[in-house]
Amino acid sequence: WPALQDELILMQDKAGMKPLDGIRAATSTGARAIGRQDEMGVIAPGRLANLVFAKDDPAKDLRALRTLVLTVKRGVPYWRKDYTRSPGEQAGEP
């Protein structure tokens, strides 16, 4: 995740990409690039329920992706407040 966040922020700050275009690049365009557009990449019936929820608004600034409070993977919620590091994980890397 951190590398993707860095890349999106770089595209926003240095390449002038609008935040919503960065979100689209990471979601629907990314799914299409790997041939999985029929199952992920957009919020729609029949698609995998993979979502993130941020405290701040990533549509205004992609740095908000660093304020995640909830991740939903295949419909299962994972609250950031409940996250604990695995024994081998380095600080700063979820």
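The values are calculated or read from the model by the stated rules, or taken from the named source; none is laboratory data. Note that this is a predicted model, so its numbers are computed, not measured. When we count neighbours, we look across all protein chains shown, and the Cβ atoms used for this are built from the backbone with ideal geometry, even at glycine. Surface areas here come from the heavy atoms of the whole protein model, side chains and all, with no ligands, DNA or RNA. Shrake-Rupley method; radii C 1.70, N 1.55, O 1.52, S 1.80 Å.
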Point to revise | For the chain: accessible area per residue (Å², 1.4 Å) | key: 73
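At a Förster distance of 25 Å, what's the computed FRET efficiency of ARG47 paired with ARG85, Cβ-Cβ distance as r, to 0.05?
The formula returns an efficiency of 0.25 here.
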Check your understanding: Taking the Cα centre of the chain as the origin, how large is its charge dipole in debye, to the nearest 20, when only Lys and Arg (+1) and Asp and Glu (-1) carry charge on their Cβ atoms?
Key -> 200
**Study point:** lysines with Cα under 25 Å of LYS73, excluding same-chain neighbours fewer than 8 positions away
**Key:** LYS55, LYS60, LYS81
Exercise for review: Enumerate the calculated ³J(HN,Hα) couplings along segment 44-51 in order (Karplus 6.51 cos²θ - 1.76 cosθ + 1.60, θ = phi - 60°), each rounded to whole Hz, writing x wherever the residue is Gly or Pro.
Suggested key: 7, x, x, 9, 4, 8, 10, 9
Review point. Expressed as a rounded percentage, what relative contact order does the chain have, with Cα pairs under 8 Å and six or more residues apart?
Key: 22
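Using a 1.4 Å probe on the protein chains only, how many percent of the accessible area of segment 23-85 belongs to carbon and sulfur?
Ligands and nucleic acids excluded, carbon and sulfur give 56 percent.
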Review point. Can you give the helix-only mean residue ellipticity at 222 nm for the chain, where every DSSP H stretch with n ≥ 4 adds -39500 (n - 2.57) and the sum goes over all residues, rounded to the nearest 500 deg cm²/dmol?
Key: -8000 deg cm²/dmol
